[in-house]
1. For Val79, state whether it is surrounded by 14 or more Cβ atoms within 10 Å (Cβ to Cβ), modelled with pLDDT of 85 or more and closer than 23 Å to Lys25 by Cβ.
2. Under 6 Å by Cβ, and 6 or more places apart or on different chains, what pairs join a residue from segment 1-14 that is over 10 Å from Leu130 (Cβ atoms) with one that is part of a strand (DSSP E or B) and among the hydroxyl-bearing types (Ser, Thr, Tyr)?
3. So, in segment 8-41, of the ones that are closer than 16 Å to Val110 by Cα and among the polar types (S, T, N, Q), which residue ends up most open to solvent (accessible area, probe 1.4 Å)?
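The values are calculated or read from the model by the stated rules, or taken from the named source; none is laboratory data. Since the structure is predicted, the reported quantities are computational estimates derived from the model, not experimental observations. Positions of Cβ are generated from backbone atoms using ideal geometry, with glycine treated the same way; all protein chains shown enter the neighbour counts. Accessible surface is based on the protein model in full, side chains and every heavy atom, while ligands, DNA and RNA are left aside. Shrake-Rupley method; radii C 1.70, N 1.55, O 1.52, S 1.80 Å.
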Amino acid sequence: MKMHEPKKVKVGGNTFYIWPFSAFKATNISGDLMAFLLPLVGAIAPFLGGGGTGGGADSLLDVNMDQAAPAITGAFNSVSGDRVEAMLKKLLIVHKNITVDVPDEDDPAVLDEDLANEIFCGEPQDMFILAFEVIRFNYNGFFSKLGARFGGVTEKLLAMVDSLKTTEPST
């Protein structure tokens with residue numbers, strides 16, 4: 001059964017188990033997720049893969065920031081810190097859909113706010129990587145639909161996240 005099969009991922013030296021959202025929870029979250037992500041992806045898309053004024057950068061690191069800054073700033077203006085925090089909590093802790101291996105414990109612990117604060121303190125980028133993995137796992141068709149709309153930007157984003165995961169130190 002799909003509901004009983006977690007995805008195991010390693011992020012920041014920690015092993016997480018992502019359990020799928022129920023169908024109705026996934027549907028509920030998808031509206032917030034699309035509203036949250038589309039402005040950001042839309043702002044960056046023209047600057048990747050030769051698709052626009054950014055000179056056809058091959059990665060986000062190659063984007064001409066002088067040219068991209070106004071578009072990115074405009075996209076981030078619609079996203080407050082409260083909204084980012086709420087989305088991360090919804091994806092990572094509210095629905096208790098993630099467990100994590102904890103040292104000296106036999107069973108993985110449910111990721112809650114206290115444990116997340118302990119794990120991600122000083123490493124908030126790992127929280128974004130884990131959230132990305134939750135999205136990838138729960139919304140399998142999400143990136144293919146974005147890819148059709150924004151060209152190669154989603155493939156480049158997926159490759160970038162995968163490269164971040166492979167360059168992190170293993171414990």
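1. Values: surrounded by 14 or more Cβ atoms within 10 Å (Cβ to Cβ): yes; modelled with pLDDT of 85 or more: no; closer than 23 Å to Lys25 by Cβ: yes.
No, not satisfied.
2. Within 6 Å, the pairs are Pro6/Tyr17; Lys8/Tyr17.
3. Here the answer is Asn14.
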